[in-house]
Amino acid sequence: MDSSNPVVEQIEGPVATVQLNREKQHNAFTPEMVSALSDSFIRLGLDKSVRVVILTGRGRSFCAGADLTSMRNAATQTDTENLADAEAIFDLMLTIDCCPLPVVGRINGTAVGGGVGLVSCCDFAVAVNRAHFGLSEVRLGLVPAVISPFVISKIGPSNARELFLSGGRIDAKRAREIGLVHYVVEEDKLDQVVEERVQELLRSAPGAVSAAKKLIRTVGGKSVEELRTYTTRLIAERRKSPEGREGMDAFLEKRDPWWREQ
């Protein structure tokens, strides 16, 4: 594996794996890693041969958040440069969160700060039981500002208050209870459970999965009245779409639709 590359990407059939590759630094963010991650997810989102993305870290840590040396350097930059650095991290989170492909988090170890932001942007998150999670920014005189929209969307304001204000860590069991991760498994079961989630996703129509992700983002936080036009038009479009017609025909004809035959 190329240790000089902060992000390693591998594609096997319809599944892409994106791995954070700064093991000795617990996969902490640098501007180079942020840029490489963004590029990977933008490119994969446009790749018609890819249907699922797995996001993971190398070694025993998932992601320790922003590299403190890089953070300290940002504090000495001009206001414009400092702001651009923060905007790049926000744009990374948004790119993953809005990726048209389903993203499965293979959470191979502890996630802190921006690492929790990454977990929050995954559609499925499977964590090893030894993992811990924390937002320790307040203990450094900072706040988890850039990742806050994504984390709060995932765990809710009440749980965010506990984590944002205390700066303490929670274990994987607690992370599951608050909705940050979906599954907690023994380390030797991690790949098995991730693969099960991937196979579930591959059973679904790719266009419908993408539309479902957009549906969740659009519906969240809006009143029922505001959503009448959007939701009714969406289901009408999906019924008439090639995937919708194929899925209903296959069910009635007691056969697999085309996307399960790939």
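Listed here are the residues, each with its yes/no results for (1) aliphatic (A, V, I, L, M); (2) exposed (fewer than 14 other Cβ atoms within 10 Å of the Cβ); (3) farther than 27 Å from Gly65 by Cα.
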site: Ile170; (1), (2), (3): yes, no, no
site: Glu186; (1), (2), (3): no, yes, no
site: Asp191; (1), (2), (3): no, no, no
site: Arg197; (1), (2), (3): no, no, no
site: Ser210; (1), (2), (3): no, no, yes
site: Glu243; (1), (2), (3): no, no, yes
site: Asp249; (1), (2), (3): no, yes, yes
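Report the residue count in the range 212-228 for those that are surrounded by 10 or more Cβ atoms within 10 Å (Cβ to Cβ), among the aliphatic types (A, V, I, L, M) and either farther than 28 Å from Trp259 by Cβ or not assigned by TED's automatic domain parsing to the domain that holds Met248 (or both). Number satisfying all stated conditions: 0.
Matching residues to (1) surrounded by 22 or more Cβ atoms within 10 Å (Cβ to Cβ); (2) part of a helix (DSSP H, G or I); (3) of a type in the set (Ser, Thr, Tyr); (4) touching a strand residue (DSSP E or B) at 6+ places or on another chain (Cβ under 8 Å):
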{"site": "Ala88", "(1), (2), (3), (4)": "no, yes, no, no"}
{"site": "Leu92", "(1), (2), (3), (4)": "yes, yes, no, no"}
{"site": "Cys99", "(1), (2), (3), (4)": "no, no, no, yes"}
{"site": "Arg106", "(1), (2), (3), (4)": "yes, no, no, yes"}
{"site": "Val119", "(1), (2), (3), (4)": "yes, yes, no, yes"}
{"site": "Ala127", "(1), (2), (3), (4)": "yes, no, no, yes"}
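Filtering the range 64-86 to residues that are of a type in the set (Val, Ile, Thr) and part of a helix (DSSP H, G or I) leaves Thr69, Thr80.
Pairs meeting the criteria (first residue in the range 136-151 and in contact (Cβ under 8 Å) with a residue 40 or more places away in the chain, second residue of a type in the set (Asp, Glu) and surrounded by 14 or more Cβ atoms within 10 Å (Cβ to Cβ), beta carbons under 8 Å, at least 6 apart or on different chains) are Phe150/Asp97. When Arg217, Arg197 are checked against the criterion of being within 19 Å of Arg106 (Cβ to Cβ), part of a helix (DSSP H, G or I), under 20 Å from the mean Cα position of the chain (by Cα) and touching a residue at least 12 places away in the same chain (Cβ under 8 Å), a single residue qualifies: Arg197.
Of everything in the range 16-59, what is charged (D, E, K, R) and either farther than 24 Å from Ala131 by Cβ or in contact (Cβ under 8 Å) with a residue 60 or more places away in the chain (or both)? Give them in sequence order. Residues satisfying the conditions are Glu32, Asp39, Arg43, Asp47, Lys48, Arg51.
The values are calculated or read from the model by the stated rules, or taken from the named source; none is laboratory data. Note that this is a predicted model, so its numbers are computed, not measured. Every residue, glycine as well, gets a Cβ built from its backbone with ideal geometry; the counts of neighbours run over all protein chains shown.
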